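J.: Sending over a structure as structure tokens; questions will come in a sec.
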Amino acid sequence: MTQATSSVPPTRSEHPLRFSGYQQRNRPGPDLELTSSNPGTPMGEYMRRHWQPVCLSQELTDVPKAIRIMGEDLVAFRDKSGDVGVMHRQCAHRGASLEFGIIAEHGIRCCYHGWHYGVDGTLLDAPCEPDATRLKETVCQGAYPAFERDGLVFAYMGPGQAPPFPQFDTYSLPADTRLVPFSNIYPCNWLQVYENIMDHMHTAVLHNHMVVEGVDAATSAGVSLEGFGDMPVMQWEATRDGNGCVFIASRRLPGDKIWVRITEMVFPNYLQIGSLLPTAARERHGTAGCTRWSVPVDDENMIIFGYRHFNSTVDPDGLGNEADCGVDKIDFLEGQTGNRSYDEGQRAPGDWEAIVSQGRIAAHGAEHPGVSDVGVYMCRKLLRNAVQDRTAPYALYQQLQEQGRTLPIYAQDSVLDIPELADKQADRKQLAAAGKQVLEIMRSADALPADQRDAHVRVRLDGIDRAGQAATAG
């Protein structure tokens, strides 16, 4: 049986924008101040003043690895003594690519004429030259300071002395924490991936069975986040003197409970997220479950580098899977990489499909934002301010590093016992107030030593419970 079709073409109605495709054909160009990270661009120079992950340690083998970071063609390697090198890919002699270089006991040797460079780029030897003394004094291969930490390779690609590497509490606390490195590759601009985190409302739609009818339960479950289905009460705030921001998502749970979730960005491209497991809506107070850097490859490609945090606090039921974390893979949700078929992506879309489909560089000028987009636009505004400010990275890094202390982070999940109010609007205001209280409690622990912050937060959360119960009883 053939499907019936209308023989009468649609006509324009009184709505002025109906069938207005012709008027909307031309899309504005990208916001290059925020999206472009190439050398010499405002964002590119800002990012280069911070340590950036450039690959996973497991990707450094007995041969060099060609990488591209912020529009620069580079090569990364670990020499036979264990030192890590990150340097310009083209040899300073005649331009042969060092991805075909020979890894040496110290540094790397170009395959073309044997010029031998240390990891700092200094010329150690030029075997084709009868006297390389002058060359050693005048030639240096472009190289960047680099080191390995917990399975990630970091490089400082900026001017002058590298800043201290920011050490956050959650890298070593709770005491049983294991950091497992991973990467996720996206063929689009870095910013649309990064700012997606401040768009927390999408979790109640995209990650909750937003699938084509008839998709099997297993596929549907793979892209869904259990417990994130209700629309939260959302708030956003700038943090760290404008060098970052948080969202506060507060949800009502059964049994007179409230779940407050906070995720924090630290500019230019760092963030920590709470638990991504159902137990996030059960625990008294949880810590970060994931650390991520959104690193530009170039303006149209990026890689998420990060750590999954495995410990008994953030995952008390042991639901995470370390073996599923690694190069372009992560264990907590389907649709985070481009490893599925186009048909699977259409039928059960995830973050990868939603973000990549915005285009290689999303056109901000074509958007029509609503109140749920406040966090995204706050992120962009604060980033623009930080880029234009051109100051050194966040001063607290330096201060705490000099004191031998680690940095606090605000990302967390907390479940509070606060009776529900009969008036829905009043209860939503109660949720918002509880969320603000949790953030202020997290901030109040900043001045404490790292090993005292968690206990301080838990005591203060208990106080919120008692106050809520007393108010209801009164």
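J.: Quick one: which of 350-358, 193-201 comes out on top by average Cβ neighbours within 10 Å, and what's the full order, highest first?
T.: Result, highest mean first: 193-201, 350-358.
J.: For the range 149-165, just list the computed ³J(HN,Hα) in residue order, Karplus coefficients 6.51, -1.76 and 1.60, θ = phi - 60°, integers in Hz, with x standing in for Gly and Pro.
T.: Here the 3J(HN,Hα) series is 8, 6, x, 10, 9, 10, 9, 9, 10, x, x, x, 5, 5, x, x, 6 Hz.
J.: Next up: How do the peptides 30-36, 270-276 rank, highest first, by the average count of neighbouring beta carbon atoms within 10 Å per residue?
T.: 270-276, 30-36
J.: How about the range 78-178: which trypsin sites (Lys or Arg not before Pro) there lie in a loop by DSSP and see at most 16 other Cβ atoms within 10 Å?
T.: Loop-located and lightly packed - 80, 94.
J.: Moving on to the next point. Could you tell me what a quarter of the Cα convex hull surface of the range 52-156 works out to, in nm² with one decimal place?
T.: The number I arrive at for the range 52-156 is 6.1 nm².
J.: Next question. Using only the Cα atoms of the chain, each taken as one equal point scatterer with no solvent, compute I(q) by the Debye sum, divide by I(0), and report log10 of the ratio at q = 0.07, 0.09 Å⁻¹.
T.: Log10 I(q)/I(0), no solvent term: -0.43, -0.69.
J.: While we're on this one: Compute the relative contact order of the chain as a whole-number percentage, counting only Cα pairs closer than 8 Å that sit 6 or more residues apart in sequence.
T.: 18 percent
J.: Which loop chymotrypsin sites (Phe, Trp or Tyr not before Pro) in the range 13-121, with loop taken from DSSP, have no more than 11 other Cβ atoms within 10 angstrom of their Cβ?
T.: Here the chymotrypsin sites (Phe, Trp or Tyr not before Pro) that fit, given the DSSP loop and packing criteria, are 19.
J.: Something else about it: Quick check: net charge around residue 66, other residues with Cβ under 14 Å of its Cβ, Lys/Arg +1 and Asp/Glu -1?
T.: Value of the local net charge: -2.
J.: Using the Cα centre as the reference, give the magnitude of the dipole from point charges on the C-beta atoms of the range 330-474 (Lys, Arg: +1; Asp, Glu: -1; all else neutral), rounded to the nearest 20 debye.
T.: 580 debye
J.: In whole angstrom, how far apart do the alpha carbon centroids of the range 324-380 and the range 97-155 sit?
T.: One Cα centre to the other: 39 Å.
J.: Mind scanning 257/436; 65/329; 381/424; 381/429; 80/329 and naming the pairs with a C-alpha gap bigger than 24 Å?
T.: Check vs 24 Å cut-off fails for 381/424; 381/429; 80/329.
Rule-based calculations on the coordinates, nothing more; no lab input. All of these numbers come straight from a predicted model, not from anything done at the bench. Positions of Cβ are backbone-derived with ideal geometry, glycine not excepted, and every protein chain shown enters the neighbour counts.
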